[in-house]
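Okay, structure first, notes after.
The values are calculated or read from the model by the stated rules, or taken from the named source; none is laboratory data. Everything numeric in this text was worked out from a predicted model, so none of it was measured. Every residue, glycine among them, receives a Cβ derived from its backbone with ideal geometry; neighbour counts consider all protein chains shown.
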Amino acid sequence: MLNIDQLDWDKVNQLMPVVVQDAINGKVLMLGYMNHEALEKTLEIKKVTFYSRTKERLWTKGESSGNHLELIDISKDCDNDTLLIMANPVGPTCHLGTTSCFADSEGFELDFISHLNSVIGDRYLNRDNKSYTSSLFDSGVKRMAQKVGEEGVEVALAAATDDREELVNEASDLIYHLLVLLRGKDVPLTEVIDNLKQRHK
């Protein structure tokens, strides 16, 4: 984790540039700036907080939209004058409604999983009665868990009967419903990935 005492605030006139990446797929989400207070608040509340140069105040990403950035890790560059934050985005990061402020970037192979997870997070926060995802959240954890169980069985059956097309379809259903269940139980996907990393050591 970051050693704040090593940062060279004087070099950047007390405003540190901050690059934010998706902790799951590495996609660059946005660029912002932090002063001492913004950094301290970020570390305290575990939600990325910037200093707004236009409003001249601290600004926690998502304070009005709900689309915040959950802090996963933070590090400094070799010159001690730029920060890199790995975050779990809840909802779109950009105010234009896109996953990243750099919408033209193609991202990485797992980018769609991250995008899907963000959409699911948005459906959790902003319920829509026309949305199947929102209806799952409204139905409760038992129903979400039941769907994961059903899809898991269907994946196994498709594999056992050597039905490749059905295996792909059911595996897609399983991954989607698992992401919904994890969000419903407030378990970030990053926590699962971290657990897998620990097992791999």
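Which residues, counting only those in region 40-58, are within 15 Å of L84 (Cα to Cα) and part of a loop (DSSP other than H, G, I, E, B)?
K46, V48
Evaluate the following for G97: is it crowded, with 17+ Cβ neighbours inside 10 Å and modelled with pLDDT under 95? If you could, list the steps in order and put the result at the bottom.
Numbers: crowded, with 17+ Cβ neighbours inside 10 Å: no; modelled with pLDDT under 95: yes.
So G97 does not fit the description; no.
Is it the case, given these coordinates, that F112 is part of a loop (DSSP other than H, G, I, E, B) and under 30 Å from K76 (Cα atoms)? Give the steps one after another, and end with the answer.
Values: part of a loop (DSSP other than H, G, I, E, B): no; under 30 Å from K76 (Cα atoms): yes.
No: the conditions fail for F112.
List every residue pair whose Cβ atoms lie under 7 Å apart, where the two residues are 6 or more positions apart in sequence or sit on different chains, the first residue falls within region 69-98 and is touching a residue at least 24 places away in the same chain (Cβ under 8 Å), and the second residue, located anywhere, is basic (K, R) and assigned to a loop (DSSP other than H, G, I, E, B).
L69/K61; E70/K46; L71/K46
Looking at (1) over 18 Å from V90 (Cα atoms); (2) modelled with pLDDT under 95; (3) surrounded by 22 or more Cβ atoms within 10 Å (Cβ to Cβ), find the lone condition where A23 falls short.
Exception for A23: condition (1).
Residue-by-condition table, conditions (1) in the same structural domain as H68 (by TED's automatic domain parsing); (2) closer than 26 Å to S64 by Cα; (3) surrounded by 13 or more Cβ atoms within 10 Å (Cβ to Cβ):
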residue	(1), (2), (3)
S114	no, yes, yes
F137	no, yes, yes
Q146	no, no, yes
D162	no, no, no
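What is the residue count in region 122-145 for residues that are assigned to a helix (DSSP H, G or I), free of Cβ contacts under 8 Å to residues at least 60 places away in the same chain and farther than 19 Å from N169 by Cβ?
Total satisfying the criteria: 13.
Do we have S118 as touching a Pro at 6+ places or on another chain (Cβ under 9 Å), in a helix (DSSP H, G or I), closer than 18 Å to P92 by Cα and outside the structural domain of A23 (by TED's automatic domain parsing) here? I'd like the intermediate steps shown before the answer.
On the way: touching a Pro at 6+ places or on another chain (Cβ under 9 Å): yes; in a helix (DSSP H, G or I): yes; closer than 18 Å to P92 by Cα: yes; outside the structural domain of A23 (by TED's automatic domain parsing): yes.
Against the criterion (touching a Pro at 6+ places or on another chain (Cβ under 9 Å), in a helix (DSSP H, G or I), closer than 18 Å to P92 by Cα and outside the structural domain of A23 (by TED's automatic domain parsing)), S118 qualifies.
Being of a type outside the set (A, V, I, L, M, F, W, C) and outside any strand (DSSP E or B): is that true of S65 here?
In short, yes.
Of K76, K41, which residue is within 14 Å of L7 (Cβ to Cβ) and in the same structural domain as K11 (by TED's automatic domain parsing)?
On the way: K41 fails: within 14 Å of L7 (Cβ to Cβ).
Only one candidate passes the filter, namely K76.
What are the residue pairs meeting all of these: first residue in region 185-200, first residue assigned to a helix (DSSP H, G or I), second residue of a type in the set (V, I, T), Cβ atoms under 7 Å, and 6 or more apart or on different chains?
That search, which allows pairs on different chains as well, returns L189/I24; T190/I24; T190/I72; I193/I24.
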